[in-house]
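Quick one: the structure is below, and I'll ask about it shortly.
The values are calculated or read from the model by the stated rules, or taken from the named source; none is laboratory data. Since we're looking at a predicted model, the values are computed, not measured. Methodologically, a virtual Cβ is constructed for each residue, glycine included, from the backbone with ideal geometry; neighbour enumeration extends over all protein chains shown. Heavy atoms of the whole protein, side chains included, go into the accessibility calculation; ligands, DNA and RNA do not. Shrake-Rupley method; radii C 1.70, N 1.55, O 1.52, S 1.80 Å.
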Amino acid sequence: MPWFPAKKIRKQIKLLLLLVLLTCAAWLTYVHLSLVRQGRALRQRLGYGRDGEKLSGVTDGRGIRAALSTQRAEDSSESREEERVPEGRDPDALFPGGAGRPLSLNLTRQAPSWREEYKGQVNLHVFEDWCGGAVGHLRRNLHFPLFPHTRTTVKKLAVSPKWKNYGLRIFGFIHPARDGDVQFSVASDDNSEFWLSPTESPAGAQLVAFVGKTGSEWTAPGEFTKFSSQVSKPRRLMASRRYYFELLHKQDDRGSDHVEVGWRAFLPGLKFEVIGSAHISLYTDESALKMDHVAHVPQSPASHVGGRLLQEEPRADMLRPDPRDTFFLTPRVEPWSLENVLEPCAYAPTYVVKDFPIARYQGLQFVYLSFVYPNDHTRLTHMETDNKCFYRESPLYLERFGFYKYMKMDREEGEEDEEEEVQRRAFLFLNPDDFLDDEDDGELLDGLEPTEAPRTQGGRRPPAPAAPTEAPATPALPTPPAPLGRPSPRRSRALRWAARPLPLFWGRAPPPRPAAEAERPPKVYVTRVRPGLRAPPRAPAQLSPRGPPRPPFPGVFLRPRPQPRVQLRARPRPPRARGRRTGGPQAAKLRPPAPAPATQGSREGQAREPGLTAPTADSNSSSEAQPVTSFLSLSQVSRPQLPGETEEEEGGDDEEGAQGEEAASEDSEEKAGPAGPGRGRWREDAINWQRTFSVGNVDFEMLRSDWNDLRCNVSGNLQLPEAEAVDVVAQYMERLNARHGGRYALLRIVNVEKRRDSARGSRFLLELELQERGGRRLRLSEYVFLRLPGARAGDTDGDGDSPEPAPAASARPDGRPELCRPLRLAWRQDVMVHFIVPVKNQARWVAQFLADMAALHARTGDSRFSVVLVDFESEDMDVERALRAAPLPRYQYLRRTGNFERSAGLQAGVAAVEDASSIVFLCDLHIHFPPGILDGIRKHCVEGRLAFAPVVMRLGCGSSPGDPHGYWEVNGFGLFGIYKSDFDRIGGMNTEEFRDQWGGEDWELLDRVLQAGLEVERLRVRNFYHHYHSKRGMWGVRSRKAARKEAP
């Protein structure tokens, strides 16, 4: 083994280690300088700056994913704010398989060419009329981020339009003034997010600072340090490069709208300054581009609208899957094979108002609704928190009483049947002893009478003095004093007409009423609340032998909570003799109360004077509520001013009671003690947690009628009873199998629609899923008529030259209604549908409409429809070029000059359709169509018979098809499907009267459609929405500012 100098190495170990460290430091310095020359730098993993904040590394511009994965392993949970994805998206959407496998998204990775004249301003996109205060609400906007309402520029990163319900997207480049670490901060009202890319590529943008996530957070202008999330971690920037940034801001309808971004060098003592024009530049110049040119708009992780959304529970029942939504894809049974299944019959419903004179806009009253089975969940149950019109109850009644009238409380065990009779006769279920005569109303302010005299400490009750007389000439009859140990008799205030089989006062029978009072005519009484002195507890020996005392009406009255005391300075009047007052023949002398500390507890401890003691100022807190006849509430009833009391004393008591009411109540509870348990305290509300009730099956749908209810806009389609639908389907299947020898088997009832005619019968649309004998599933969708036995066979629609055969009479021996095939009531599946849409300066909505139509064509594979756009000289886009570029089966472009006129545009579009046997659908631009809209239009339009007016759900501000909040447009008939031959027969649109006005043309058209003898099918269509949109800039209306600039 060769010689190894181990001893020398051990002696020089320190020198060797120092040499190794110096060599490594020199090598790292060389590598760092080389990377700096190339525009990169090494990460400083262990560097700490001012206030102990950790320095974040600079991301490698050529290795974004590696930098992100390194920072995940290095930084704490707070640093992950920079890696958050937009709200409403899966956090793993950008990197679903980990940091190394990014998802292929349509992000803008290459920035456009930059020019020096771009400096001094940045791009600003405005999304108007969109509610909510969170940035997540902005991302739910249908047009975000490609189609803003306005495109403009701004000269600094501090914007305040002084508007409401809008969202901003500000993007461009930041040019640092010098190399170094920089901190950013954002302030706004309401929420905002600031994204910064380590390069000029929008695809690498990271969230570095934000204000709130829920919409309730906000800051004052220039308040850059209110939230910890406002301030970013230090970022190493270089002056020789530019960095892409994106600022998102959302403002609701409250507060002082503003958003600003500040920055500062990462040095002690420096404050944030707003980023000015000297350090920003445009992303691209949009001044010469039309609104439909969106290829240049950057899409970053902050604004990208694609990606995989989170699977959430549907917010509305209508969003749940339903077989109706995709049933149109099932092959249909050929109509010719179903012609001989049922006997033909004439179809002429009595509700058709052909040639009947209708006043202007009165056609709404002649439109009836159809019944639907099974439940299509078109009722907006998620909107009934504020709108309960479906229950046909007064909103004030529901707010006060709720739905308790539909509940019957169960009786408790041990209750006797006699109480039910008393409750039945009682007026408004009130206590009969709580009524006063009319004369007592005037005495309420004069004085309060005690219910019982207080006991002494020995348990004996002192004799009560005589009651005062009303006048010296008519003295009251003396009443003997109450025996010892028994309560003094109390004046009865029971209803004169109510039977009283039970004792009403703690097991005691009521005292007899004087004969003079019994001769008085009966009176009507009104109950109000009256305070009375609380009676002390009794010994068990004095209770009724029937058991524990029970109130006459259990469970009806609840004791009120303590009310604040209010003194009323009423002028004292001499008391009047009533003949029913308790007490002796001598008038009691009222003396002022003895001086005592002004606390409630001290007054509670004093013994009261026997007899008619006057209530003290704390009577409200030491008495129990008793109903009396009065227009004053409990808080307004107080004792009268006693003789010898001055107004100063009275006022002092008031002030003292108002200031120390709560403290006095606590003092009273502490000093009550064993001597007077329960005295001077209010009883809490008794809650019976074991109360049960009985309720029946309430079907509120049975209370609805087929009348077109224009008052309730959250109720859905009328529900057809299951038994009726199943009976009709069973009859049809029996006839079908008898005709085809059992060839078809019923798999499922997909949809049944009924239009009722109580005079002649009901029309049904049956949609059934059948299983053919060979194994193929087919769709049956046919109209049938359930003819009543009493209907005359000769009833027709008045068409004398109709080739229809005379239907035979009903052959059923039992006289039950019989199914038949209504003549001239068959719909065509291959008919062409033309969507007529007039437009003007609505580029973002035209693009959205064409995209929806292309998606409808791709999803259904149906090419038998056409889009007819009538353009009133739109200036914000080339509509014809957009139509040519859209993947539509057919389209037509019509150009008209002048102002926007909806009636004229619709008429021009219908006139361009050459085929009279096709359907024209008068449409709007801001519509979201369900996949089955084409099939629904064809099913409900029959030439010469039926027209279709679907009810659309109008979405509210900030609502989207994925989260629909709004109401059904029950009054609007602007969306209307009709055969072109019928449209021409009624005269088309009224272009003369509705030339300069918009609104009412749909009702006027409805009047003429009904007068022509057509039925109008009115149904709420699932997932059929009218988008909420801004009306600013529509129809070429100029703003005030632009008008002032054009003025000379």
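Within the range 937-955, which residues are more than 21 Å from Arg755 (Cα to Cα) and open to solvent by 20 Å² or more (accessible area, probe 1.4 Å)?
Residue satisfying the conditions is Arg954 alone.
Condition first: part of a strand (DSSP E or B) and at pLDDT below 95. Now tell me which residues in the range 172-181 satisfy that. Give the derivation first.
Of the range 172-181, the ones part of a strand (DSSP E or B) are 172-174, 180-181.
Within the range 172-181, Gly180, Asp181 qualify.
Let me ask something additional. What number of residues in the range 812-842 are modelled with pLDDT under 95 and of a type in the set (Val, Ile, Thr)?
Of the residues in that region, 1 qualify.
So, in the range 372-387, exactly how many residues are crowded, with 17+ Cβ neighbours inside 10 Å and under 9 Å from Ser715 (Cα atoms)?
The total comes to 3.
Could you say whether any residue in the range 182-197 is touching a residue at least 60 places away in the same chain (Cβ under 8 Å) and open to solvent by 20 Å² or more (accessible area, probe 1.4 Å)? Steps first, please.
Narrowing the range 182-197 to residues touching a residue at least 60 places away in the same chain (Cβ under 8 Å): 182-190, 192-195, 197.
Adding the requirement that they be open to solvent by 20 Å² or more (accessible area, probe 1.4 Å) leaves none.
No - not one qualifying residue is present in the range 182-197.
State all residues of the range 925-972 that are among the aliphatic types (A, V, I, L, M) and under 28 Å from Ser863 (Cα atoms); if no residue qualifies, say none. Before you say what the answer is, go through the steps one by one.
In the first step, residues of the range 925-972 are kept if they are among the aliphatic types (A, V, I, L, M); the result is 925, 927, 933-934, 937, 942, 946-947, 949, 951-953, 955, 970.
Leu925, Ile927, Ile933, Leu934, Ile937, Val942, Leu946, Ala947, Ala949, Val951, Val952, Met953 - these are the residues of the range 925-972 that are among the aliphatic types (A, V, I, L, M) and under 28 Å from Ser863 (Cα atoms).
Take the residues in the range 216-245 that are touching a helix residue (DSSP H, G or I) at 6+ places or on another chain (Cβ under 7 Å) and in contact (Cβ under 8 Å) with a residue 60 or more places away in the chain; name whichever of them is farthest from Leu138 (Cα to Cα).
Within the range 216-245, the match that is farthest from Leu138 (Cα to Cα) is Lys233.
Looking at the range 996-1019, I want the residues that are over 23 Å from Glu753 (Cβ atoms) and have a partner that is among the hydroxyl-bearing types (Ser, Thr, Tyr) and open to solvent by less than 10 Å² (accessible area, probe 1.4 Å) with Cβ atoms under 7 Å, at least 6 apart or on another chain. Which pairs are those?
Within 7 Å, the pairs are Glu1001/Ser903.
Starting from the range 826-853, keep only residues that are farther than 27 Å from Tyr1028 by Cβ, then list their pairs with residues that are assigned to a helix (DSSP H, G or I) whose Cβ atoms are within a distance under 7 Å, requiring at least 6 positions of separation or different chains.
The qualifying pairs are Ala826/Pro335; Trp827/Arg938; Trp827/Lys939; Arg828/Arg938; Gln829/Arg938; Val831/Arg938.
Can you list residue pairs whose Cβ atoms sit under 6 Å apart, with the first residue in the range 389-409 being under 23 Å from Leu710 (Cβ atoms) and the second being open to solvent by 50 Å² or more (accessible area, probe 1.4 Å) and among the charged types (D, E, K, R)? Count only pairs 6 or more apart in sequence or on different chains.
Leu398/Lys388
Before we move on, is Val913 of a type outside the set (Lys, Arg) and surrounded by 20 or more Cβ atoms within 10 Å (Cβ to Cβ)? Lay out the reasoning, then the answer.
Working: of a type outside the set (Lys, Arg): yes; surrounded by 20 or more Cβ atoms within 10 Å (Cβ to Cβ): no.
Here the answer is no, as Val913 does not meet what is asked.
List pairs: first residue in the range 925-940 and within 17 Å of Ser781 (Cα to Cα), second residue part of a helix (DSSP H, G or I) anywhere in the structure, Cβ distance under 7 angstrom, at least six positions apart or on different chains.
Gly932/Arg324; Gly932/Asp325; Gly932/Phe328; Leu934/Thr860; Asp935/Phe328
Just for the range 374-405: of the residues that are acidic (Asp, Glu) and over 19 Å from the mean Cα position of the chain (by Cα), which one is nearest to Pro964 (Cα to Cα)?
Filtering the range 374-405 for residues acidic (Asp, Glu) gives 376, 384, 386, 393, 399.
Then drop every residue that is not over 19 Å from the mean Cα position of the chain (by Cα), which leaves 376, 393.
Details: Asp376: 16, Glu393: 25 Å.
Among those that are acidic (Asp, Glu) and over 19 Å from the mean Cα position of the chain (by Cα), it is Asp376.
Still on this model: So which strands (runs of 3 or more DSSP E) stay within the range 928-985 end to end and still have 2 or more residues that are modelled with pLDDT of 95 or more?
Details: elements: 946-948, 951-955, 966-968, 976-979.
Counting at least 2 such residues, we get 946-948, 951-955, 976-979.
Would you list the strands (runs of 3 or more DSSP E) that sit entirely within the range 202-316 and hold 3 or more residues that are open to solvent by 10 Å² or more (accessible area, probe 1.4 Å) and more than 30 Å from Glu384 (Cβ to Cβ)?
On the way: elements: 206-211, 235-237, 243-251, 258-265.
Qualifying strands (runs of 3 or more DSSP E): 258-265.
Same structure, new question: Just give me the residues in the range 968-1004 being more than 22 Å from Phe1024 (Cβ to Cβ), open to solvent by less than 30 Å² (accessible area, probe 1.4 Å) and not aliphatic (A, V, I, L, M), in sequence order.
Scanning the range 968-1004 gives Lys980, Asp982, Gly988, Phe994, Gly1000, Glu1004.
Right, something else. Taking the range 103-125 only, how many residues are outside any loop (DSSP other than H, G, I, E, B) and surrounded by fewer than 19 Cβ atoms within 10 Å (Cβ to Cβ)? Before the answer, list the steps.
Step one: of the range 103-125, the residues outside any loop (DSSP other than H, G, I, E, B) are 116-119, 122-125.
From what's left, surrounded by fewer than 19 Cβ atoms within 10 Å (Cβ to Cβ): 116-117, 119.
Result for the range 103-125: 3.
Would it be correct to say that Ala858 is farther than 25 Å from Glu914 by Cβ and open to solvent by 40 Å² or more (accessible area, probe 1.4 Å)? Let's see the steps before the verdict.
On the way: farther than 25 Å from Glu914 by Cβ: yes; open to solvent by 40 Å² or more (accessible area, probe 1.4 Å): yes.
Criteria met by Ala858.
Would it be correct to say that Gly987 is within 26 Å of Arg824 (Cβ to Cβ) and without any contact (Cβ under 8 Å) to a residue 60 or more places away in the chain?
yes
Could you give me the residue pairs with C-beta distances under 6 Å whose first residue belongs to the range 163-174 and is over 16 Å from Pro301 (Cα atoms) and among the basic types (Lys, Arg), whose second residue is open to solvent by 10 Å² or more (accessible area, probe 1.4 Å) and at pLDDT below 95 wherever it lies, and which are 6+ apart or on separate chains?
Taking only residues 6 or more apart or on different chains, the pairs are Lys164/Asp253.
Could you check how many residues of the range 153-171 are in a strand (DSSP E or B) and open to solvent by 10 Å² or more (accessible area, probe 1.4 Å)? It would help to see each step written out before you state the result.
Of all residues in the range 153-171, those in a strand (DSSP E or B) come to 153-154, 158-159, 166-171.
Then keep just the ones that are open to solvent by 10 Å² or more (accessible area, probe 1.4 Å); that gives 153-154, 158-159.
Total meeting the criteria: 4.
Out of (1) surrounded by 15 or more Cβ atoms within 10 Å (Cβ to Cβ); (2) assigned to a helix (DSSP H, G or I), what's the single condition that is false for Arg881?
Evaluating Arg881 over (1) surrounded by 15 or more Cβ atoms within 10 Å (Cβ to Cβ); (2) assigned to a helix (DSSP H, G or I) leaves (1) as the failure.
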